[in-house]
Structure formats: C-alpha cells, structure tokens
1. Hey, among Trp145, Trp224, which residue is within 16 Å of Gly83 (Cα to Cα) and not polar (S, T, N, Q)?
2. For the range 119-164, enumerate the residues that are among the β-branched types (Val, Ile, Thr), over 24 Å from Thr186 (Cα atoms) and loosely packed, with under 14 Cβ neighbours inside 10 Å.
3. Could you check how many residues of the range 40-59 are of a type in the set (Phe, Trp, Tyr) and under 16 Å from Tyr129 (Cβ atoms)?
4. Considering only residues of the range 188-205 that are surrounded by 11 or more Cβ atoms within 10 Å (Cβ to Cβ) and among the β-branched types (Val, Ile, Thr), which is nearest to Leu164 (Cα to Cα)?
5. Kindly indicate whether Leu229 is part of a helix (DSSP H, G or I) and surrounded by 15 or more Cβ atoms within 10 Å (Cβ to Cβ).
Amino acid sequence: MPVSAGVLLFAKKQYLAFGWVIVALVLSILTFISYGCYYDCDLFWSVMEQHSLRPQTFWYLFTLFSKPDLGYYQLNDPMMILGLLGGLLSLFLPEEKKDQGKKIYLYAPWVAVFLLFVTIAPVELYGWYKFLAFPLIAVGLGYVWDRLWTGEYQWGILLAPAVLVLMENVFVLAVEFSLLRKVLITVLFLPVLFWSIRPDFVKKPIYVYWAGTLLVVTIFLQVWWAVKLLQGF
C-alpha cells in the first residue's frame with residue numbers, strides 16, 4: 001500500500017504527501033520491529049533470518065499466467081488470465097481523452113504487486129500473494145468486457161475458449177461428449193468469424209444481444225462452478 005500510494009503521489013507531483021508516505025512506511029517498519037522485540041527480540045530476529053534464507057525465484061511473477069491457484073488449490077479459471085491480459089493491456093494502450101490521467105491509478109498498484117513478486121516471493125509460495133492481484137484482475141476483466149461491448153469483437157477470440165473452459169469445468173465434457181464439444185465450439189466461434197468478415201455488423205443490435213448473452217452465460221457458469229467447488233470442500 002505505501003508503494004502504491006508513493007508511486008501515485010510522486011507521479012502527480014504531490015511531493016509533500018509522498019514524503020509523508022515514506023515517513024509512515026519507515027515508522028510502520030520500526031513499529032513492526034519494536035513489536036517483535038517487545039516479546040522476544042532474539043526469537044524475532046531468528047525468524048526474520050530464517051525467512052530471508054528461503055530460496056526465491058523471479059519466475060513466480062509469471063505463474064500469474066501459467067498457474068492460476070488459490071493457496072494449495074489449482075484453479076483452472078480462464079477469467080483470471082483474461083483479467084490479467086486486460087489489466088496489463090490497459091496500461092500500454094493510449095489513454096482516451098475522457099480518461100486522461102486515470103491510468104496511474106491502475107499503474108501504481110501493478111508496480112507494487114510486481115515489485116512484491118520479484119523481491120520476496122519464495123519458490124514454495126502457494127498462491128497466497130496472488131490474492132493481492134485479484135482486485136486488479138477484476139478491473140482488467142471489466143476492461144475486456146467493456147471493449148467487447150463497445151464493438152471490439154476481437155476479444156471474442158479469447159472469450160470463446162474461456163467460456164468453453166468454464167463449461168468443461170462445470171459439466172466435465174469428457175470423450176463421450178465429443179459431438180457436444182464440436183457443437184459448442186461451432187456456436188461460440190461462428191459469431192466471432194462472422195464479425196471479422198462483416199465488421200459493420202458490430203454496430204447493429206444483434207451484436208449487442210450476442211455480447212450480452214455471452215456475458216450472462218459466463219456469469220451463470222462462474223457462479224455454478226463456484227457452487228460446485230464450495231460443495232467439494
């Protein structure tokens with residue numbers, strides 16, 4: 001939080017407020033040390049030393065894309081990947097006039113999360129730090145749906161297989177459902193191919209109905225899958 005606030009304030013040239021954030025950060029570290037030493041200073045420093053000896057890796061950052069998980073639980077949620085792509089892509093694309101100056105509010109926490117992952121993430125970290133990125137993933141996923149809704153049908157290239165993965169998670173479409181799998185692929189990908197051939201159709205009501213239906217189906221599948229997961233615990 002101090003890193004996010006510091007980056008945000010420094011980018012906005014609010015140097016006095018930035019200085020106070022640094023002071024608060026230093027005080028919080030000193031308070032943490034004082035709290036540990038108040039109970040048992042030797043034990044506190046030995047624990048800190050043991051934590052510092054844990055093997056670390058720079059690769060953990062990229063497991064955001066390669067290994068969506070919650071703690072010890074592997075989570076095959078394609079929407080997490082789409083949210084990551086949408087959140088990061090929104091940082092690199094030029095800002096629209098109506099959103100001028102707002103990108104820093106997304107950039108600052110992403111910088112903080114990335115710094116956390118590349119500085120103190122040990123190799124045996126089991127997904128807990130990824131919770132910090134969930135709000136950013138949600139914002140990025142909202143960006144993806146907003147782009148689709150405004151006529152950028154290209155996002156359907158990723159959303160169609162994402163919906164197929166959710167269907168597979170919910171219904172466990174095994175080999176015996178091979179025909180059903182082919183039908184689902186056709187139903188989801190045909191509109192995307194159609195929009196690419198006739199881009200002018202994205203301005204017609206039928207496109208809005210298609211995008212809205214896809215959103216409703218996705219929400220329904222996500223909720224159903226979440227219920228199944230909770231029942232499995």
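1. Values: Trp224 fails: within 16 Å of Gly83 (Cα to Cα).
Residue meeting the stated conditions: Trp145.
2. So the first thing to find is which residues in the range 119-164 are among the β-branched types (Val, Ile, Thr), and the list is 119-120, 123, 137, 139, 144, 150, 157, 163.
Now drop any that are not over 24 Å from Thr186 (Cα atoms), which leaves 119-120, 123, 137, 139.
The answer is Thr119, Val123.
3. At the first step, the residues of the range 40-59 found to be of a type in the set (Phe, Trp, Tyr) are 44-45, 58-59.
Still in the list and also under 16 Å from Tyr129 (Cβ atoms): 58-59.
Here the count works out to 2.
4. So, considering only residues that are surrounded by 11 or more Cβ atoms within 10 Å (Cβ to Cβ) and among the β-branched types (Val, Ile, Thr), the one nearest to Leu164 (Cα to Cα) is Val192.
5. Numbers: part of a helix (DSSP H, G or I): yes; surrounded by 15 or more Cβ atoms within 10 Å (Cβ to Cβ): no.
Judged against the criteria, Leu229 is not a match.
Quick grid of which residues meet (1) within 21 Å of Phe117 (Cα to Cα); (2) in contact with a Gly (Cβ under 8 Å, 6 or more places away or on another chain); (3) touching a residue at least 60 places away in the same chain (Cβ under 8 Å):
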site	(1), (2), (3)
Gln14	no, no, no
Trp20	no, no, no
Ala24	no, no, no
Ser28	yes, no, no
Ile33	no, no, no
Tyr38	no, no, no
Gln50	yes, no, no
Leu53	yes, no, no
Gln56	yes, no, yes
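Each value in this text was obtained by applying a stated rule to the coordinates, not by laboratory testing. Predicted, not measured: the structure shown is a model, and the values here were computed from it. For neighbour counting, all protein chains shown are included, and Cβ atoms are generated from backbone atoms with ideal geometry for every residue, glycine included.
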